[in-house]
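**Q** Let me give you the structure first, and then I'll get to my questions.
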Amino acid sequence: MLKEMLQPIFSLIPQVKSPTYRVPFKEKLKWTGIILILYFLLGQITLFGLSTNAVDYFGQLRAVMAGNFGSIITLGIGPIVSASIILQLLVGGKIWRLDLSRPEDKAVFQGTQKVLAIIFTLFEAIVLVLTGALSPSSPELTWILVLQITIGGILIIFMDEVVSKWGFGSGVGLFIAAGVAQQIIVGSLNVLSSPTSPGVPAGAIPHFIYSLTSGSPNFDLLIPVLAVVVVFLVVVYAESMRVEIPLSYGGVKGARGKYPLKFIYASNMPVILTSALLLNVQLFANLFQKLGHPILGTISNGRAINGVAYFLSTPSTYTVIFTDPLKVLIYAVVFIGSCILFAWLWVELSGIGPKQVSKQLYDMGMQIPGFRSSRAQFEKIMSRYIPAITVLGGAFVGLLAFGADLTGALGGGTGVLLTVGIVYRLYEEIAQEQLMDMHPMLRKFLGNE
Amino acid sequence: MAKKDKKVLPPSGAGLVRFYDEETRGPKLTPEQVVIMTIVLAVFCIVLRFSYS
């Protein structure tokens, strides 16, 4: 029903052409590079008519949203990600019945995601401007501001599509990684003097060297840099941990394969959803305070100082452990607890739970060697692993993001976690691509013709 | 593993966004056109502030 109704809308919305040939390594590199440069350029174009007292309410989620506050790409990939999350929940929760193993329905999914992303762009632009989060410097500039934010948002949607089809990985991943990488580089290596204390370099490493030359080495300065390195190594290790379910194909004798279940099964989704939830606590505390009933705690200078909102705000430095251990404990329990909850919820709702996975594998004619070929058997084995890795993986990413936030890792806990995952997958893809370009025979062998 | 098989296997983990290659009907843009469109609109945004007084 809905599918047919959407078709005329789809035929109005332009889309990037898919390559009809295998895009060579160098060309992929070219498109990824061009889009990356354009992305950084767009981030430098400031919004015309923005008043100086604009507040970045999404500061905490900046890593996930990418973009650059105050520029025309203020929204970043926010609309694309929101559209995709909502659509995955609708389809996974069977509210909208799409069979994602069928090409027509995949096209409908992809098309709807884009339509939703465009709607969200417009909606978010209007809401942000009209609620005063991005207030115009004079009232007649209101719609000019909305127009610029919308243009930036739509450009991001198309740039994402170019990277997904003609470049490495996805645009969404590329933009997140680019933003966080920029923060890490600037935060660790910046030699320009910091605005708060003139004459002292702002970056962590130059600042440390500066403290050495002044005779009082301050090793605390290096903690954020070391935290990034530690998180990087731990995530790379965890990314490669997986349970491999042996499979054989019923139709062909001797055809064997493996179905890998990643240890971080729900990926970083739990951390993103938890951050979004905790951000809402702060926003509501702010709202209640403005209404004159600070039931969630008082906020001053953008930071919660007491009440629920205080206990649920991210500890900015590890020294809070000594000054207020109770707060850190409560925050850790809530953060990791909701990560586990969201991991479980996301797996169930986005259609990668034991039931759905077993059904898909069974329908493909797969079976596990040594077991009777039945759906119940599949389900029994999947339910042995999937719930366990969901909970453990959720707790693991929660703990990691919490630890990264506590040590003040450059780029933020969620940001580093997301970026390492993205860069690792990008590395795998690039390595495989390059290999195939170098040896045409390998291409045949790997079956990627 | 053949690419065809890879696509049919369910995902081995969750992702932030899901991407499919399948296309809907609708006008097609080449990547070059997207780059040009981006530059034109970016210039438009910059020009906006000078045209407004």
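**Q** Given the residues A:GLY179, A:GLY203, A:GLY173, which is the only one that is touching a Ser or Thr at 6+ places or on another chain (Cβ under 6 Å) and not polar (S, T, N, Q)?
**A** A:GLY203
**Q** For residues in the stretch A:277-293 being crowded, with 17+ Cβ neighbours inside 10 Å and out of contact with any Ser or Thr (no Cβ under 9 Å at 6 or more places or on another chain), which is farthest from A:ILE330 (Cα to Cα)?
**A** Taking the candidates together, the pick is A:PHE288.
**Q** Any residue at all in the stretch A:257-270 that is closer than 26 Å to A:GLY412 by Cα, assigned to a helix (DSSP H, G or I) and more than 10 Å from chain B (Cβ to nearest Cβ)?
**A** There is no residue in the stretch A:257-270 that is closer than 26 Å to A:GLY412 by Cα, assigned to a helix (DSSP H, G or I) and more than 10 Å from chain B (Cβ to nearest Cβ).
**Q** Going residue by residue through the stretch A:270-290, is there one that turns out to be of a type outside the set (Gly, Ala, Ser), farther than 17 Å from A:PHE58 by Cα and modelled with pLDDT under 80?
**A** yes
**Q** Quick check: anything in the stretch A:231-250 surrounded by 14 or more Cβ atoms within 10 Å (Cβ to Cβ), in contact (Cβ under 8 Å) with a residue 40 or more places away in the chain, out of contact with any Leu (no Cβ under 6 Å at 6 or more places or on another chain) and in a loop (DSSP other than H, G, I, E, B)?
**A** no
**Q** Looking only at residues in the stretch A:27-56 that are within 18 Å of A:VAL180 (Cβ to Cβ) and aromatic (Phe, Trp, Tyr), which one is least open to solvent (accessible area, probe 1.4 Å)?
**A** So the residue we want is A:TYR39.
**Q** Identify, please: which residue in the stretch A:119-144 is among the aliphatic types (A, V, I, L, M) and either facing another protein chain (nearest Cβ under 10 Å) or under 28 Å from A:GLU429 (Cβ atoms) (or both) and is, among those, nearest to the chain's Cα centre (by Cα)?
**A** A:ILE144
**Q** Looking at A:ILE305 and the list (1) over 24 Å from the mean Cα position of the chain (by Cα); (2) modelled with pLDDT under 85; (3) crowded, with 18+ Cβ neighbours inside 10 Å, which single condition is not satisfied?
**A** (3)
**Q** Within the stretch B:1-48, which residues are open to solvent by 60 Å² or more (accessible area, probe 1.4 Å), modelled with pLDDT of 75 or more and at the interface with chain A (Cβ under 7 Å from one of its Cβ atoms)?
**A** Within the stretch B:1-48, B:PHE19, B:ASP21, B:GLU23, B:ARG25, B:PRO27, B:LYS28, B:ILE46 qualify.
**Q** Output the number of residues of the stretch A:68-126 satisfying the condition of being open to solvent by 40 Å² or more (accessible area, probe 1.4 Å) and at positive phi.
**A** Number satisfying all stated conditions: 1.
**Q** Tell me the residue from A:ILE149, A:ILE154, A:ILE144 that is free of Cβ contacts under 8 Å to residues at least 60 places away in the same chain and not small (Gly, Ala, Ser), please.
**A** Result: A:ILE154 is the single residue among A:ILE149, A:ILE154, A:ILE144 that is free of Cβ contacts under 8 Å to residues at least 60 places away in the same chain and not small (Gly, Ala, Ser).
**Q** Also, I was wondering about something else. Do we find that A:ILE272 is touching a residue at least 60 places away in the same chain (Cβ under 8 Å) and open to solvent by less than 60 Å² (accessible area, probe 1.4 Å) in this structure?
**A** For A:ILE272, the condition - touching a residue at least 60 places away in the same chain (Cβ under 8 Å) and open to solvent by less than 60 Å² (accessible area, probe 1.4 Å) - is met.
**Q** Another one. Only residues in the stretch A:159-174 that are among the basic types (Lys, Arg) count as the first member; pair them with residues that are open to solvent by 10 Å² or more (accessible area, probe 1.4 Å) and part of a loop (DSSP other than H, G, I, E, B), Cβ under 8 angstrom, at least 6 apart or cross-chain, and list the lot.
**A** Pairs that qualify, where the first residue is among the basic types (Lys, Arg) and the partner is open to solvent by 10 Å² or more (accessible area, probe 1.4 Å) and part of a loop (DSSP other than H, G, I, E, B), are A:LYS165/A:LYS17; A:LYS165/A:SER18; A:LYS165/A:PRO19; A:LYS165/B:ASP21.
**Q** Going through the stretch A:164-185 one residue at a time, which ones are in a helix (DSSP H, G or I), within 29 Å of A:TYR21 (Cα to Cα) and more than 9 Å from every other protein chain (Cβ to nearest Cβ)?
**A** Passing the criteria: A:GLY171, A:LEU174, A:PHE175, A:ALA177, A:ALA178.
**Q** Among the numbered conditions (1) within 19 Å of the chain's Cα centre (by Cα); (2) under 21 Å from A:GLU429 (Cβ atoms); (3) open to solvent by 20 Å² or more (accessible area, probe 1.4 Å), tell me where A:GLY59 comes up short.
**A** (2)
**Q** Only one of (1) more than 14 Å from chain B (Cβ to nearest Cβ); (2) surrounded by fewer than 19 Cβ atoms within 10 Å (Cβ to Cβ); (3) under 29 Å from B:LEU16 (Cα atoms) is not met by A:SER188, so which one is it?
**A** Among (1) more than 14 Å from chain B (Cβ to nearest Cβ); (2) surrounded by fewer than 19 Cβ atoms within 10 Å (Cβ to Cβ); (3) under 29 Å from B:LEU16 (Cα atoms), the lone unmet condition for A:SER188 is (2).
**Q** Continuing with the same structure: Would you check if there is a residue in the stretch A:103-125 being touching a helix residue (DSSP H, G or I) at 6+ places or on another chain (Cβ under 7 Å) and among the basic types (Lys, Arg)?
**A** Yes: the stretch A:103-125 contains one or more residues that are touching a helix residue (DSSP H, G or I) at 6+ places or on another chain (Cβ under 7 Å) and among the basic types (Lys, Arg).
**Q** Related question: Pick out, from the stretch A:298-395, the helices (runs of 4 or more DSSP H) lying fully within it that include 3 or more residues that are under 30 Å from A:LEU283 (Cβ atoms) and touching a residue at least 24 places away in the same chain (Cβ under 8 Å).
**A** Output list reads A:325-349.
**Q** State yes or no: is A:LEU222 open to solvent by less than 70 Å² (accessible area, probe 1.4 Å) and under 17 Å from the mean Cα position of the chain (by Cα)?
**A** When the stated conditions are applied, A:LEU222 does not pass them.
The values are calculated or read from the model by the stated rules, or taken from the named source; none is laboratory data. All of these numbers come straight from a predicted model, not from anything done at the bench. Note that we place each Cβ from the backbone using ideal geometry, even for glycine, and neighbour counts take in every protein chain shown. Areas reflect the complete protein model, heavy atoms only, side chains present, ligands, DNA and RNA absent. Shrake-Rupley method; radii C 1.70, N 1.55, O 1.52, S 1.80 Å.
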